[in-house]
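J.: Sharing a structure below in structure tokens format, with a few things to ask.
None of the figures in this text is laboratory data; all of them are computed from the coordinates on show. Worth saying up front: this structure is predicted, and the values here are computed from it rather than measured. FYI the Cβ positions are ideal-geometry reconstructions off the backbone, even for glycines, and counts take in every protein chain you see.
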Amino acid sequence: LDRGLAREEPASESLSSLLRHLYRALGRALELNGRFDEALTTYGQMAALARERRDAALELESLTLRATVFCAPTSAFDPAQGQALSDQALVLARALGDRAAEAKILWNLLLLNTFHEHPEQAIAYGEQSLAIAREFNLREQMAYTLNDLARASGATGHSARAQQFSEEAIGLWRELGNLPMLADSLGTLSTNYYVTGQYARAVACSQEAAQISQAIANPWGEAFSGGWLAAVWNEQGELGRAFALVERCLQLAERAGWTQGVGFTTFFLAMAYGELGDPARGMEIARQGLVRFASGYQMMQPLLSAAIACLSMQNGDLAGAEAAWSRDVSPEAMSTILPLLFASPPGGELAFAKEDYPGAVIAADEFLAVMRQRGVRWSLPHTLLLKGKALMRLGRLDEARAALAEAREQAEAMGARRALWSILFALSQIEAHRGRADSAVTLRRQAQDIIAGIAASLDRADLRASFLRRGDVRAALGDAKR
């Protein structure tokens, strides 16, 4: 950009429009390459030029673009600056009567509130943005707003609405030929398919998004789509593939400067170590993440603290688990993002570990009610398993068997082998208690077959060994051998 020439040229609407386009294109290219500081410098130069030329439209564009960088979940995320710039831009947009700019600023506020843990406010801003975009047929803005309304709607439990928003956004991105955002919307739809237990559709969306992202060298899109593909593989019992992909996604998110992605993949990696029988290593990773996010993007802190609580419990430290849970995990966090990422209520698992079986049943029932209301299905097998095991300990075998039968039905329908072997083993224990030896043996053997398949998916010998050392795995295998 030749700022000298831009200063010398007389003011005109055509030149102002050209300058806005050029600065926007350059800044966006820098953002897609994770160079957010350089993008902000570019937008700052744009603002300085706007003041020199007394170009209000150019100034408005610079305010809006800077706000977007601060409102998005990147290494530059700064809610205070994002809010201040958005407020300033909104006043100017309305003074100029620029409805397109107003729609974009409202979208910025949708982003800000989504990633600052205020999803209801986010939806309100998004609906205002979408109404303006539809009124003036601003198709690109419609697509951006729909994409992020899908995220906010998913976080508030409106899964069907989130799916509709994503599908409409995907159609618009295909029409507009915007490949980075097509991949992003496919990733968002994959997320929704995952939490609603539609694993085949989640895989298809994730794989298309990954192919697009690889073709255009977009590490952000590749990390986003890969994270949810890994989540599906994890539930399907492909723990080796899932673990390797999560490690790769963490590297990609780091390269892209995608702060939210770094936080989520750190969480997934920590929990994966727990699933593979090494909770101590998982806690180390989660604690490193807590240090990293101590002074910025603080929505990651309750998520990683909850991971530490779960991993402490797996490591036999019930006091540490309870302390981390009560001290560091807020009720607000539990009501938004945490229910979408935990297979069963951590509080219920802690109650079970402390032999508070009535408390575990209550926690499971509360969690099930919330998940069913939200249309979240992936966690049902795990939570029903927790409920069934707690009812077994209470001697309520008929109720336990009913809960476990439903868990089995859900797991088999989704192909959720990670939960299924535990469910089958628990059912075998009930059958053995009732003297149905043949049925008990069949169920145990089915559980053992799944365990063997999961172990075979682990190429790394250390991970395979730690998985097979898990107490519940040893119990299932030991029973099957007797």
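J.: Working out 0.36 nm times the residue gap between Ala413 and Arg434, then minus their Cα-Cα distance, what length gain in nm do you get to one decimal?
T.: 4.9 nm
J.: Bin all alpha-carbon pair distances of region 368-429 at 10 Å intervals from 0 and give each bin's fraction as a whole percent.
T.: 26, 54, 19, 0
J.: Let me ask something else. Defining a contact as two alpha carbons under 8 Å apart and six or more residues distant in sequence, what relative contact order in percent does the chain show?
T.: So the answer I get is 10 percent.
J.: Continuing with the same structure: Per q in 0.13, 0.17 Å⁻¹, report the Debye log10 I(q)/I(0) for region 189-248, using one uniform scatterer on each alpha carbon and no solvent.
T.: Normalising to I(0) and taking log10 leaves -0.28, -0.48.
J.: Return the distance in nm (one decimal) between the two label points of a simple spin-label model at Ala456 and Ala217, each offset 7 Å from Cα along Cα→Cβ.
T.: Result: 4.1 nm between the two label points.
J.: Mind listing the phi-derived Karplus ³J(HN,Hα) values for region 428-433, rounded to whole Hz, using 6.51, -1.76 and 1.60 with θ = phi - 60°, and x for any glycine or proline?
T.: 5, 5, 5, 4, 5, 4
J.: Please give the per residue volume of the convex hull enclosing the alpha carbon atoms of region 65-137, rounded to a whole number of Å³.
T.: Residue-normalised Cα hull volume stands at 73 Å³.
J.: Let me ask something additional. Can you pull the semi-axes for region 415-462, root of five times each eigenvalue of the Cα gyration tensor, sorted largest first, whole Å?
T.: They are 25, 10, 7 Å, listed largest first.
J.: Which values of log₁₀ I(q)/I(0), to two decimal places, follow from the Debye formula for region 324-482 at q = 0.16 Å⁻¹ with a uniform point scatterer at every Cα?
T.: -0.96
J.: Here's a follow-up. Between Ala353 and Glu247, what length in nm is gained on full extension when 0.36 nm per residue of separation is reduced by their alpha carbon distance?
T.: Value of the extension gain: 35.2 nm.
J.: Mind ordering 396-404, 227-235 by average Cβ neighbours within 10 Å, highest first?
T.: 227-235, 396-404
J.: Just to confirm the number: angle between the C-alpha axis of helix 79-96 and the first principal axis of the chain, 0 to 90 degrees, nearest 10?
T.: Helix 79-96 sits roughly 40 degrees off the main axis of the chain.
J.: Over every pair of different alpha-carbon atoms in the chain, take the mean of 1/r and invert it; report that Kirkwood radius in Å.
T.: 23.9 Å
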